[in-house]
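Visitor: One structure coming up, written as structure tokens, with questions to follow.
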Amino acid sequence: MSDTGIGARVKRKEDKRFITGKGRYTDDVRVDNQAYAAFVRSPHAHARVNGIDTSAAEGMEGVIAVLNGNQLTGDGIGNLICGWAVSSKDGSPMNMGPWSALATDRVRFVGDAVAVVIAESQALARIAAEAVEVDYEELPAVVQADKALADGAPQVHDNAPGNLIYDWEIGDAAATDAALEGAHHITEMKVVNQRLSPNPMEPRSAVAIFDTAEDHYTLYTTSQNPHLARLVLSAFYNVAPEHKLRVIAPDVGGGFGAKIYIYPEEITCLWASMKTGRSVKWTGDRAESFMTDMHGRDHITTARMGFDADGKITGFKVDTIANFGAYMSLFSSAVPTYLYATLLSGQYDIANIHCNVRAVYTNTVPVDAYRGAGRPEACFLIERMMETAAREMGTDPGELRRKNFIDTFPHETPVIMTYDAGDFSGNLDKAKAAADVAGFAQRRAEAESRGKLRGLGYSCYIEACGIAPSAAVGSLGAGVGLWESAEVRVNPVGTIEVLTGSHSHGQGHETTFAQIVAERFSQPIENVSIVHGDTDKVQFGMGTYGSRSGAVGMSAIVKAMDKVEAKVKKIAAHTLEASEDDIVIEGGVVKVAGTDREMGWHEVGLAAYTGHNLPDGMEPGLKEGAFYDPVNFTFPAGCYIAEVEIDPDTGDCKVVQFTAADDFGTIINPMIVEGQVHGGVAQGIGQAMLERVVYDDDGQLITGSYMDYQMPRAEDVPFLTIEHNTTVCPNNPLGIKGCGEAGAIGAPPAVINAITDAIGDNDIQMPATAQKIWRALKGRQTAMAAE
Amino acid sequence: MTDLTLTVNGKRVTRDVPGETLLSELLRETLRLTGTHVGCDTSQCGACAVHMDGKVVKACTMLAHQAAGTEITTIEGLANGELHPMQKAFNDNHGLQCGFCTPGMIMAGVDMVQRYKAEGKTLDEAAIRHELEGNLCRCTGYHNIVKSIQQAATEM
Ligand code: FES
Ligand code: FES
């Protein structure tokens, strides 16, 4: 291993600009003639819009224009769409309600935009937005997913009777029922996976620039996938044809899913820049982030898992209601189906699984993918069931899992996934050893002597990443292919630029991608730069989400490097008068193996561009592109063990020890991979103990700021112990599985299993706040006193 | 509009800014020092942290005019020819991912190390975590931020 190659802990190349304050985020962009947008948003969860009076606002200082939804749709701007078609089990298509970037006749959640003010400054725009008079006629609202399905519930969309978007199933219902019928033991649970707000620290922002001479638009935006944004803005929202629209996602301050989507604000800013002939900038404040960034999770699930007398799982039956909020967001339909139900086999060999999912509308912010997207909900359910079953059956929770682990690969689950590689027992062993599970009884006794309750919980997660084979997802309803592209350009002086369709917003691609290139071509890592995030520079790409940039994005780079290498070898063989097969790239040079005949890497570059002496018929230049389409999902898996300590007097709970043993396949940079686990686990601890989006029954958002929505802080998480147990992914060239979401997927059940272990009460829903824990302990004391 | 004079990163500046201008706006919009970030509207996240007369303040929570006559240091003014030990420590320990919280984390880190040194107290892990209560990071899980500050504390 070289000190900058695959497996090296290379310090990040991109850090310097961030630690010196020179990062360039969207809100840092300011252009000549800058104008500012402020949105007029609905204060009601559900209302008819009977009229909008903009006259007062229009007369105010600095106001350039006040624009509304009728003007927007009148100009042919299309409705926002969900790009993944999921049909109900009876074959009927999903019921997608109309979603205009600016609502015309009806608002469906608090924060739904109805108009926009464009003014000379942000402050003036905001003041004028307050003066826009909207005549609302309030309608009854529905907030909770199960209540939305009840008879007589307020109807969110006219074309979705009963608020039902789809009623979908996977697996064999009859076989699963039969398996449960004959089970020796059945574990039954109701699990709520609460609604979360992704909360990247950088609020969303957009700067739209319309060039009147060229009819050309430029959009700077906080996006995880600028190319997809351009495609959708062009093909579906009719904002501008693709060749007249450049989308730039510069430095982006975290995404976690919330910045995958193309939002009403971006559409509106582009359109408003054309309407006003001014560059239009909008930067949300945190209140707007809570009110309008797509939320995550929000499932209500009941499930039954059957075991035979030996403790082997015989069947798993799941019924889930998924809250989609007021509109169907871009990938919303895929989350509780193909990213959730297809993972319900977990790490276990289960012959019979059936899952039914009903997706519903409510008067809340739309829900879509948030770090993990469907997989955290699946993992939480399975791992809570396993821990609970072990307790009910009086067996060791780790060993019950082991008994059911899949141990031969490939393994086809009854929910259409084919796991390609893994070592689940090995992960468990590694985690148990690192967490010193053997010493837990002693630690628990010691905690007790201090008056503290100590508990330990497991979670053995698996996820499907590296999304995804385009034909496979196409057959499941996806509107796009999920390949990735790359272009490798060797300059005449031998330095290298890699253009990638992936987008880095914290993942460190400028370093890890450079590592694989530097190693392959035996070049100093400083001579490699990574270009991303600009549709004028990179031709196309699918962006970064679903832990796909390593498994898919890097694979595309490898494919392009294969082509570059082939050409380099041809040029060198020609110049050095040797056979191509004898040419090797090593030690910074291109040489004939076993001889001292060599060319400098830069000499090959120069030869390619001068074109003075190339093999017959060879085109000059040294630049190759590739599209990589994965052949399967990848399956990162691992075992997490959490230990908590609880103060029984206050319910105060601390995660005192957290051990992760992950199998991510090949690791390019362990430092960066561990960082991904740290962040993911912190978000998982946040979900388990702190975070929850709350609406009141009228649909008012209660958690609208950091005063009410509890983000994990430095004191809420411990130092983590991280182990790796690598099995190589057989389906991509580098053997990568992906690591971006594992922490957020695996951590919540480990923490809740530890808390319920500590307090001896299994009935607690996330977030397990101090108050809930205290109440559970009180309840138990009362019950014990009564016995 | 009212004249405001203060020192920013060692340079004296005078600007005519409205009374309601926040210090963060003065830095970002008027002086175009965009390294100071704004991540919230309730003084909770610390992305806007700068130093005023050597002490950390949240620039989103102060009026620009309240800083009249003071010396402000922003993330852009921290390096003195070479990186400040806190900046270097964040790079050494992978203390940042998306970088958005980073300027605030670094300014808060420098402040806490200086304060503890001045008071002769040890800045251990628990103290660092406690001191970071006004700074949110969504990416790093704080693990490597704490390590970065630990390293810088030994080098400053
Ligand atoms: S922006 Fe100042 S504390 Fe959040
Ligand atoms: S590094 Fe992204 S918020 Fe801290």
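The values are calculated or read from the model by the stated rules, or taken from the named source; none is laboratory data. Computed from a prediction, not measured in an experiment: that's the story for all the values here. Cβ atoms come from the backbone with ideal geometry, glycine included; neighbour counts cover every protein chain shown. Keep in mind that these areas ignore ligands, DNA and RNA; they rest on the heavy atoms of the full protein, side chains included. Shrake-Rupley method; radii C 1.70, N 1.55, O 1.52, S 1.80 Å.
Visitor: Would you confirm whether any residue within segment A:770-777 is within 14 Å of another protein chain (Cβ to nearest Cβ), of a type in the set (A, V, I, L, M, F, W, C) and open to solvent by 50 Å² or more (accessible area, probe 1.4 Å)? Before you say what the answer is, go through the steps one by one.
Guide: Let us first name the residues in segment A:770-777 that are within 14 Å of another protein chain (Cβ to nearest Cβ), namely none.
No; the residues of segment A:770-777 include none that is within 14 Å of another protein chain (Cβ to nearest Cβ), of a type in the set (A, V, I, L, M, F, W, C) and open to solvent by 50 Å² or more (accessible area, probe 1.4 Å).
Visitor: Determine, yes or no, whether A:ASP90 is touching a residue at least 12 places away in the same chain (Cβ under 8 Å) and closer than 30 Å to A:GLY481 by Cα.
Guide: On the way: touching a residue at least 12 places away in the same chain (Cβ under 8 Å): yes; closer than 30 Å to A:GLY481 by Cα: yes.
The answer is yes for A:ASP90.
Visitor: Sticking with this one: Do we have A:VAL531 as away from every other protein chain (no Cβ under 14 Å) and crowded, with 24+ Cβ neighbours inside 10 Å here?
Guide: Working: away from every other protein chain (no Cβ under 14 Å): yes; crowded, with 24+ Cβ neighbours inside 10 Å: no.
For A:VAL531, the condition - away from every other protein chain (no Cβ under 14 Å) and crowded, with 24+ Cβ neighbours inside 10 Å - is not met.
Visitor: May I ask you to say which residue of A:GLU674, A:GLU691 is within 26 Å of B:ILE149 (Cβ to Cβ) and open to solvent by 30 Å² or more (accessible area, probe 1.4 Å)?
Guide: On the way: A:GLU691 fails: open to solvent by 30 Å² or more (accessible area, probe 1.4 Å).
Of A:GLU674, A:GLU691, the one residue that is within 26 Å of B:ILE149 (Cβ to Cβ) and open to solvent by 30 Å² or more (accessible area, probe 1.4 Å) is A:GLU674.
Visitor: Which condition breaks for A:SER42 when tested against (1) buried (at least 21 other Cβ atoms within 10 Å of the Cβ); (2) within 14 Å of chain B (Cβ to nearest Cβ)?
Guide: Condition (2) is where A:SER42 drops out.
Conditions (1) under 14 Å from A:MET328 (Cβ atoms); (2) not in a loop (DSSP other than H, G, I, E, B), marked per residue:
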site	(1), (2)
A:ALA56	no, yes
A:GLU61	no, no
A:LEU67	no, yes
A:LEU72	no, yes
A:ILE77	no, no
A:MET94	yes, no
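Visitor: Can you pull out every residue in segment A:663-686 that is within 14 Å of chain B (Cβ to nearest Cβ) and acidic (Asp, Glu)?
Guide: A:GLU674
Visitor: If you don't mind, there's one more thing I want to ask. I'd like the residue in segment B:1-48 that is open to solvent by less than 10 Å² (accessible area, probe 1.4 Å) and of a type in the set (Gly, Ala, Ser) and, out of all such residues, is farthest from the other protein chains (Cβ to nearest Cβ).
Guide: Out of the qualifying residues, it is B:SER24.
Visitor: Can you give me the number of residues within segment A:483-500 that are more than 15 Å from A:MET561 (Cα to Cα) and either under 22 Å from the mean Cα position of the chain (by Cα) or small (Gly, Ala, Ser) (or both)? Before the answer, list the steps.
Guide: Applying the first criterion (more than 15 Å from A:MET561 (Cα to Cα)) to segment A:483-500 yields A:483, A:492-493.
Among the residues that remain, those that are also either under 22 Å from the mean Cα position of the chain (by Cα) or small (Gly, Ala, Ser) (or both) are: A:483.
Residues flagged as more than 15 Å from A:MET561 (Cα to Cα) and either under 22 Å from the mean Cα position of the chain (by Cα) or small (Gly, Ala, Ser) (or both) within segment A:483-500 amount to 1.
Visitor: Follow-up. Just for segment B:39-57: of the residues that are within 16 Å of ligand 2 (Cβ to nearest atom) and in contact with a strand residue (DSSP E or B) (Cβ under 8 Å, 6 or more places away or on another chain), which one is farthest from A:ASP32 (Cα to Cα)?
Guide: First, the residues of segment B:39-57 that are within 16 Å of ligand 2 (Cβ to nearest atom): B:39-40, B:44-49.
Next cut, in contact with a strand residue (DSSP E or B) (Cβ under 8 Å, 6 or more places away or on another chain) only: B:46, B:48-49.
On the way: B:GLY46: 30, B:CYS48: 25, B:ALA49: 28 Å.
Only one residue tops the list, namely B:GLY46.
Visitor: Of the residues B:ASN93, B:ASN80, which is away from ligand 1 (no atom under 16 Å from the Cβ), open to solvent by 10 Å² or more (accessible area, probe 1.4 Å) and closer than 21 Å to B:ASN135 by Cα? Explain how you work it out, then say what you get.
Guide: Numbers: B:ASN80 fails: closer than 21 Å to B:ASN135 by Cα.
Checking each option against the conditions leaves just B:ASN93.
Visitor: Considering each of A:ALA518, A:ALA578 in turn, give the residue that is surrounded by fewer than 24 Cβ atoms within 10 Å (Cβ to Cβ), in a loop (DSSP other than H, G, I, E, B) and not acidic (Asp, Glu).
Guide: On the way: A:ALA518 fails: in a loop (DSSP other than H, G, I, E, B).
Just one listed residue meets the conditions, A:ALA578.
Visitor: Can you tell me which of (1) farther than 28 Å from A:GLY311 by Cβ; (2) assigned to a strand (DSSP E or B); (3) open to solvent by 10 Å² or more (accessible area, probe 1.4 Å) is the one A:ASN356 doesn't meet?
Guide: Of (1) farther than 28 Å from A:GLY311 by Cβ; (2) assigned to a strand (DSSP E or B); (3) open to solvent by 10 Å² or more (accessible area, probe 1.4 Å), only one is false for A:ASN356: (1).
Visitor: Which is within 22 Å of A:ILE19 (Cβ to Cβ) and either out of contact with any His (no Cβ under 9 Å at 6 or more places or on another chain) or within 13 Å of ligand 1 (Cβ to nearest atom) (or both), of B:GLY69, B:GLY46? Before you say what the answer is, go through the steps one by one.
Guide: Details: B:GLY69 fails: within 22 Å of A:ILE19 (Cβ to Cβ).
Result of the check over B:GLY69, B:GLY46: B:GLY46.
Visitor: Now, a different point. Here are some residues: A:GLY257, A:GLY284, A:GLY296, A:GLY253. Which one is within 16 Å of ligand 1 (Cβ to nearest atom) and closer than 20 Å to A:GLY543 by Cβ?
Guide: Values: A:GLY257 fails: within 16 Å of ligand 1 (Cβ to nearest atom); A:GLY284 fails: closer than 20 Å to A:GLY543 by Cβ; A:GLY296 fails: within 16 Å of ligand 1 (Cβ to nearest atom).
Unique residue meeting the criteria: A:GLY253.
Visitor: May I pose another question? Please verify whether segment A:722-741 includes one or more residues that are of a type in the set (A, V, I, L, M), touching a residue at least 24 places away in the same chain (Cβ under 8 Å), open to solvent by 10 Å² or more (accessible area, probe 1.4 Å) and facing chain B (nearest Cβ under 10 Å).
Guide: Checked segment A:722-741: at least one residue is of a type in the set (A, V, I, L, M), touching a residue at least 24 places away in the same chain (Cβ under 8 Å), open to solvent by 10 Å² or more (accessible area, probe 1.4 Å) and facing chain B (nearest Cβ under 10 Å).
Visitor: Still on this structure: Assuming B:LEU123 fulfils every condition listed in (1) facing chain A (nearest Cβ under 7 Å); (2) of a type in the set (A, V, I, L, M); (3) outside any helix (DSSP H, G or I) apart from one, which condition is it?
Guide: (1)
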